[in-house]
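The structure under discussion appears below in the form of structure tokens.
The values are calculated or read from the model by the stated rules, or taken from the named source; none is laboratory data. Just so you know, these numbers come straight off a predicted model, no measurement behind them. Positions of Cβ are generated from backbone atoms using ideal geometry, with glycine treated the same way; all protein chains shown enter the neighbour counts. These accessible areas exclude ligands, DNA and RNA; they are computed on the full protein's heavy atoms, side chains included. Shrake-Rupley method; radii C 1.70, N 1.55, O 1.52, S 1.80 Å.
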Amino acid sequence: SHSLLCPPGIKCGGVLSAPSGNFSSPNFPGLYPYETECTWLIVVAEGSSVLLSFSHFELEYHDTCAYDYLQVYNGAARDRGNLLGTFCGHSPPPPFSSAWHVMAVVFRSDRHVAKHGFAAAYRKGNREGRWALGIRPSLLFHRPHHPCLLADACGGQLTGLSGEITSPRYPESYPNDAECRWSIGGASAGGPLTLVFADFQMEGGQGCGFDYVALFDGPSVAAPRLGRYCGSARPPRTISSTPHLLIVFKSDFNIGGRGFKAHFYSGAGCQEVFTTIKGNFSSPQYPNFYPNNLECQWSIQLPPGYRVKVFFLDMELEGRSSLTGGCDYDHLSAFDGGTENGSLLGQWCGRESLAPVTSRSNRLLLVLHTDRNTAKRGFSISYVGVVPMNVSCTRTDFHIQIPVQSLAQLERNRIYLGTPSCAAQVVGRNFKIHTRFDTCGTESQRRNNTSVIVSRLYIDFSMGDQEDIHQYEVLCEPKRKEASVTLIAGPDPSRLSQAENLVDAQQREGEAMDAREIKSQDTSDIVFISICILAGLLMVIAVVGLVLL
């Protein structure tokens with residue numbers, strides 16, 4: 001019988017560095033061998049791109065291409081984030097255009113059923129010229145009728161996991177009488193698609209009857225329309241309900257504009273704003289690999305007086321640069337104040353176990369940047385709003401102050417120590433609780449061989465049937481008159497090794513003005529000291545009396 005195993009010396013894979021060339025499966029046009037794996041790395045001049053097309057294609061068919069298959073990567077090798085497509089059967093892949101000067105093609109066959117394989121051709125393309133016409137990195141471009149007219153294209157079939165599209169000639173004024181259609185979909189992830197506009201300026205008009213961008217929830221204009229936009233207001237973030245999204249751009253015979261720039265990626269949750277006191281979010285497609293070419297933002301905006309505490313439950317990004325040691329590739333950054341102009345609280349990459357980060361204001365912005373290759377699992381994050389409070393103690397009392405503006409929506413009985421009967425009072429601009437250690441559910445404990453007084457502070461944010469009670473442990477070491485407050489249950493107690501102390505140097509700022517008031521209330525210390533002095537005098541008198549007797 002005829003053997004289809006690779007004979008010694010058969011050409012399979014390799015580095016293709018000429019400006020153009022051809023390659024094919026082993027034995028083509030004969031049957032390819034069993035149990036074969038070949039990788040072709042196409043490398044052209046830097047600043048260029050690789051244009052790839054197939055003239056023949058016949059592989060064993062399977063609905064998920066689990067047996068024999070061909071994969072195309074937008075980059076050097078097997079990075080899932082750069083996988084442009086997996087193909088099998090008799091339908092040839094569409095023409096491809098890489099985001100940079102390297103493209104990889106992988107062919108694999110199993111031990112059963114062989115076909116005639118494939119034949120492909122590649123050539124060097126002008127990346128900059130194509131960008132100006134609205135095709136950007138990480139896009140997989142399909143022009144089935146005229147693959148050689150790629151440089152003159154407008155619109156196309158985009159099946160990458162992520163990418164960026166622009167109107168023709170962006171950021172210069174787009175041409176008149178133009179019509180472009182970008183059909184996004186077909187990525188291996190198969191989930192919903194998210195489209196975010198970074199810039200938008202077009203001719204306006206009631207009903208957007210002149211120049212416009214229209215979005216459809218499917219592969220054609222027959223699908224439900226998600227929106228039609230014109231003018232200078234950026235369209236809202238759009239998430240499809242199917243794995244396909246159609247973008248139609250049209251201009252009339254006069255009056256133009258700068259046009260638009262938009263990012264797309266497979267999945268949801270890349271541009272979000274949070275205003276609740278606590279929440280959680282993760283990188284797109286977590287815990288699966290995140291897409292490449294992302295610029296995601298999560299903005300946390302809490303009421304005045306709060307600070308934002310972020311807990312890193314899991315994080316794995318592309319690692320640090322071996323040349324600089326910095327997070328030069330994929331990284332997550334945190335900014336204080338809610339914009340990228342705010343102070344940088346931290347920037348992270350790789351796989352690390354990170355300590356929580358706390359903002360200095362009531363707003364915090366997290367930005368995820370991914371480059372064009374090497375994707376990882378991503379991250380999972382929880383956050384909680386830290387209620388600003390001043391906690392102090394004497395040898396016999398707790399003193400707690402919380403600015404009213406930070407809990408303006410709550411009535412005073414929603415804030416209590418130990419039991420609801422020990423609710424806060426409103427004094428001036430503060431909620432205040434002043435209570436003795438023998439009331440309000442306080443108890444004495446020994447921790448680290450030290451006697452401490454412990455109670456719980458409850459802040460009830462519940463609404464309707466939605467219970468949401470935040471609990472803080474309030475602790476006093478009477479001998480040293482030192483107090484602290486600790487969040488009892490973090491955003492995900494099972495993932496946090498210990499509760500986080502919420503009193504730090506930033507919370508202590510501005511507390512000096514309350515010190516005089518606390519001291520004036522500290523009469524119990526004076527009484528305690530007076531009793532000690534009197535007891536000492538009585539003891540001395542007793543000793544002297546015994547001596548005289």
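Cα atoms only: what Rg and Dmax, in Å, come out for the range 313-377?
Using the Cα atoms of the range 313-377, the pair Rg, Dmax is 12.4, 37 Å.
Rounded to the nearest 0.05, what FRET efficiency do VAL404 and ILE533 give with R0 = 60 Å and r taken as the Cβ-Cβ distance? Could you check?
Calculated transfer efficiency: 0.90.
Where the Cα atoms of the range 13-125 are projected onto their three principal axes, how long is each span, largest first, in whole Å?
Result for the range 13-125: principal-axis Cα extents of 41, 28, 21 Å.
Expressed as a whole percentage, what fraction of the accessible surface of the range 390-489 belongs to carbon and sulfur atoms when a 1.4 Å probe is rolled over the protein heavy atoms?
43
Hey, any idea what % of the range 155-264's accessible area is carbon plus sulfur with a 1.4 Å probe?
51
What order do TRP298, TRP348 take when sorted by accessible area (1.4 Å probe), most exposed first?
Listed by decreasing accessible area, they come as TRP348, TRP298.
In what sequence, highest mean first, do 422-431, 235-244 appear when ranked by Cβ atoms within 10 angstrom?
Top to bottom by mean Cβ count within 10 Å: 235-244, 422-431.
Write down the accessible area per residue of the range 155-264 in Å², having rolled a 1.4 Å probe over the full set of protein chains.
Accessible area per residue, the range 155-264: 41 Å².
Keeping the other protein chains in place, figure out the carbon and sulfur percent of the accessible area of the range 271-386, with a 1.4 Å probe.
Ligands and nucleic acids excluded, carbon and sulfur reach 44 percent.
Label-point separation (nm) for LEU344 and GLU473, each offset 7 Å from Cα along Cα-to-Cβ?
Those two pseudo-labels are separated by 3.6 nm.
Please work out the average accessible area per residue across the range 340-434, using the 1.4 Å probe convention, and give it in Å².
43
Report the Rg/Rh value for the range 155-264, based on alpha-carbon coordinates and the Kirkwood definition of Rh.
0.95
Rank-order 201-211, 40-50 by packing density, defined as the average count of other C-beta atoms within 10 Å over each peptide's residues, highest first.
Going by the mean number of other Cβ atoms within 10 Å, highest first, we get 40-50, 201-211.
Take HIS434 and HIS90, extend 7 Å from each Cα along the Cα→Cβ direction, and tell me the distance between the two endpoints in nm.
9.0
So if I take the centroid of the Cα atoms in the range 458-490 and the same for the range 323-368, what is the distance between those two points in Å?
Measuring centre to centre over Cα atoms gives 28 Å.
Among 284-292, 247-255, what's the highest-first ranking by average C-beta atoms within 10 angstrom per residue?
284-292, 247-255
Once the mean 1/r over all distinct Cα pairs of the range 271-386 is inverted, what Kirkwood radius in angstroms do you read off?
14.2 Å is the Kirkwood radius here.
Of all GluC sites (Glu not before Pro) in the range 254-352, which ones are in loop regions per DSSP and have a Cβ with at most 15 other Cβ atoms within 10 Å?
Qualifying residues, ordered by number: GLU340, GLU352.
Taking 0.36 nm per residue of sequence separation and subtracting the Cα-Cα distance, how much length would be gained by fully extending the chain between TYR67 and GLU295, in nm to one decimal?
78.5 nm
For the range 271-386, what's the relative contact order in percent, using C-alpha pairs closer than 8 Å and at least 6 residues apart?
43 percent.
Would you compute, for the Cα atoms of the range 390-489, the largest minus smallest coordinate along each principal axis and list the three values in descending order, in whole Å?
Cα spread of the range 390-489 along its principal axes, largest to smallest: 43, 30, 20 Å.
Could you tell me how far the Cα centroid of the range 376-394 sits from the Cα centroid of the range 201-278, in Å?
Value for the Cα centre distance between the two parts: 36 Å.
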